[in-house]
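Student: Mind looking over this structure? Questions follow.
Bear in mind that the values in this text are calculations on the coordinates, not laboratory data. Values in this document were obtained by computation on a predicted structure and should not be read as measured data. Don't worry about glycine lacking a Cβ; one is built from the backbone with ideal geometry, like all the others, and counts go over all protein chains shown.
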Amino acid sequence: MSNETQLTKRIPTEYESHTLREILTQSTAWSAALEVVAAQRKAIQTLWQARRFSEILVTGCGSTYYLSQAVAPLLQQQLGIRARAVPASELLFFPATVIAPDSQPLLLAISRSGYTTETIRATQAFKQHHNGPVITIGCYPEAELVGLSDLALIIDDGQEQSVVQTRSFSAMLVAAQAAVSLAHEAQFERMRTLPTLCEHLLQTYHDLARRLGEDKRIERFYFLGSGLQYGLASEVNLKMKEMSLSVSEAFHFMEFRHGPMSMVNEHTLVVGLLSDQARASELAVLREMRALGGQTLALSEQPISPTEVDFSVLFNSGLPEANRGAFYLPLLQLLGYYRARVNGQTPDTPHNLSAVVVLDGEQ
Ligand code: F1P
């Protein structure tokens, strides 16, 4: 995947852009991600059981750094082993601040393209100084990063024409969550309902995402997520910035009161990615922001009374939190997409951005 091959493919007539098509067809990439993990079930289970590592480092850049922030807490929670997310550039330039001297880390490197220079160089340096296993999650089998890995989970159906990551991101998240759930076989099988539920979510809430995205009274966006949802809140925030160039930020729920809420007014949409564990406290934050004049949208597994928030997206999937992270993404990707359109932006080719950041020797 190089920048040249981008956007060469014709946009199927029923879609106005690659980005919209890729958002609306992501359930197929989710199915493919589950098949990729099922096909490598033995290798993954052996790796988890062999435990030839004392901690897990998860790394990437941009969207895939935020994906790392969503995957690391999940690995620690589900496997009971210390795991942390770190930008590839930090691992490359400041390894001593990331890896403790007595540690034997496993490296999970995530990259849609598998060609991002910082992720490649950080993985090469890691292999030079540590003999821990290297796993990669990506979408292009021929990529350089795959050649550096002991195990690669590659989801071809996540490949994209658009510069911005949408279905690639969610498919790579599904693959990571599925790989972790292999530690509990039944949990993995239950994840097979994800693609159908994704279709249902898009059919049910597409119009809501469009209405809010096109609502020009909204001038700024805040995405709140804690625990397993913080990385996802950071990603949808990046989508809003990359696609629409809007004023947008992401915070942990409770942190929002400690200063950022000063920005809330009647031109603000506060979006909450609700967890199970801290749900009551998170809803209290949204109630307060509504009282300050902001509009509020909550995405949740359980129903929310309309007295609590202005708008809500209900998953009602019956899946545990560790398996349903991808549900937070499609509608918020659409929100960014429709905001981009009313801002006169072209999401397929965002301002200043290229699909892959390749640096030359000096940089
Ligand atoms: C990472 C990334 C994307 C960003 C842009 C540039 O790429 O930073 O997140 O949207 O496309 O590249 P990758 O390493 O995941 O291919």
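Student: Out of region 119-208, which GluC sites (Glu not before Pro) are coil in DSSP terms and have no more than 11 other C-beta atoms within 10 Å?
Tutor: Within region 119-208, the qualifying GluC sites (Glu not before Pro) (loop, at most 11 other Cβ atoms within 10 Å) are Glu142.
Student: So, with +1 on the Cβ of K and R and -1 on the Cβ of D and E, and no other charges, what is the size of the charge dipole of the chain about its Cα centre, to the nearest 20 debye?
Tutor: 340 debye
Student: Taking the beta-carbon count within 10 Å as an exposure proxy, list Cys139, Cys198, Cys61 from fewest neighbours to most.
Tutor: Neighbour counts put them in this order, fewest first: Cys61, Cys198, Cys139.
Student: If you keep only loop residues by DSSP, which GluC sites (Glu not before Pro) in region 211-288 have at most 13 other Cβ atoms within 10 Å of their Cβ?
Tutor: Glu214, Glu219, Glu266
Student: Something else now. For region 146-201, place one equal point scatterer on every Cα, skip the solvent, and apply the Debye formula. What is log10 of I(q)/I(0) at q = 0.17 Å⁻¹?
Tutor: -0.68
Student: For Cα pairs less than 8 Å apart in space and 6+ apart in sequence, what is the mean separation divided by the residue count of region 174-258, i.e. the relative contact order in percent?
Tutor: Relative contact order comes out at 22 percent.
Student: If you bin the C-alpha pair distances of the chain every 10 Å from 0, what whole percents do you get?
Tutor: Calculated P(r), rounded to whole percents: 5, 26, 35, 25, 9, 1.
Student: Which value at 222 nm does the chain reach when only helices count, each DSSP H run of 4 or more adding -39,500 (n - 2.57), with the total divided by all residues and rounded to the nearest 500 deg cm²/dmol?
Tutor: -13000 deg cm²/dmol
Student: In debye, nearest 20: dipole of region 142-252 around its Cα centre with unit charges on the Cβ of K, R (+) and D, E (-)?
Tutor: For region 142-252, the charge dipole is close to 580 debye.
Student: Within 10 Å of each residue's Cβ, count the other Cβ atoms and sort Met289, Met172 from fewest upward.
Tutor: Met289, Met172
Student: Right, here's the next one. Please state the Cα pair-distance histogram of region 43-159 with 5 angstrom bins from zero: what percent is in each bin?
Tutor: 2, 13, 24, 28, 21, 10, 2, 0
Student: On to the next question. How would you rank Thr204, Thr25, Thr136, going from fewest to most other Cβ atoms within 10 Å of each one's own Cβ?
Tutor: Placing the least packed residue first, the sequence is Thr204, Thr25, Thr136.
Student: Tally the DSSP beta bridges in region 3-183 and give the antiparallel ones as a percent, rounded to 5.
Tutor: If I count the DSSP bridges inside region 3-183, around 0 percent turn out antiparallel.
Student: Cα centroids of region 289-309 and region 59-136: how far apart, whole angstrom?
Tutor: 36 Å
Student: Does region 193-241 classify as rounded, prolate or oblate by the C-alpha gyration tensor (a ≥ b ≥ c root eigenvalues; a/c under 1.5 gives rounded; else a/b over b/c gives prolate, otherwise oblate)?
Tutor: It comes out oblate by the Cα gyration axes.
Student: Find which of Val285, Ser68, His252 sits farthest along the positive direction of the dipole of the chain, computed with +1 on the beta-carbon of Lys and Arg, -1 on that of Asp and Glu, about the Cα centre.
Tutor: Checked the options; the winner is Val285.
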